[in-house]
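Scroll down for the structure; my scribbles are underneath it.
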Amino acid sequence: MMPSAPSSFPSSRQNPEVRDRIERAAVQVFADSEFHQVTLQQVAKAARCSLQTLYRYYGNDQQGSKEALLSACLHHGLEQLAERMLDHLAGIATFRDRLSKVFWVVLDFFDRNPEMGRMMINSVYPGLWGSDTTPAQQQLSGLFISVLREGQEQGILNDRVATPILLDFFYGVLLRVSQMHLLRGREGQLADQHGVLFDMLWRAITIAPAE
């Protein structure tokens, strides 16, 4: 279970610019190496700060927490994704268009933030990704669940499986496509293929006319 980011340094005394610089640097470091290979010394060097600063922001005065730093990076990335999701869903009338927009927003997010995607591949293991331990993870999962449940209740999406399982299927396709696009170093924007990719997923999760 990924812990939250404990700190003996009161948040009211933390410099937002310093925190932002540290987390931007940490995302890049976690994106370039697997979690167990990353050291706080590497992050401090990339962020142009001292180890003591890392300890105060992501641990205590004597020891920093690499897990807390990773959790903070994941939290803020998913928080940005959730905010974009809410903005883009506003005013969309039909269910298919809303679900399509959800799919596009995630593809576009990874196109715009490839380092975040690589960080999730290298350092956020499945047990941590699926545990919804941060408010941002909970908010994002809640958004997905609410949209999928609406489709099931309207008789559009397959309701022979529980909504969380449908979410896992949706996540599985979306994250696999996004992550492999990054790992293979393919050129172009994945969001440009949104239409055909979403059509494939839509056919897989909707109720067939005969049913």
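The values are calculated or read from the model by the stated rules, or taken from the named source; none is laboratory data. Here the structure is a predicted model, which is why all the values come from computation and not from measurement. Ligands, DNA and RNA are stripped out before the accessible areas are found, and what is left, the full protein with its side chains, is counted by its heavy atoms. Shrake-Rupley method; radii C 1.70, N 1.55, O 1.52, S 1.80 Å.
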Check: Per-residue accessible area for residue 86 at 1.4 Å probe radius, Å² rounded to 10?
Finding: 80
Note to self: On a 1.4 Å probe surface of the protein chains, which of 57, 171 comes out largest in accessible area, and what is the full order?
What the structure shows: 171, 57
Check: Leaving out ligands, DNA and RNA but keeping every protein chain, what accessible area does residue 66 have, in Å² rounded to the nearest 10, with a 1.4 Å probe?
Finding: 40
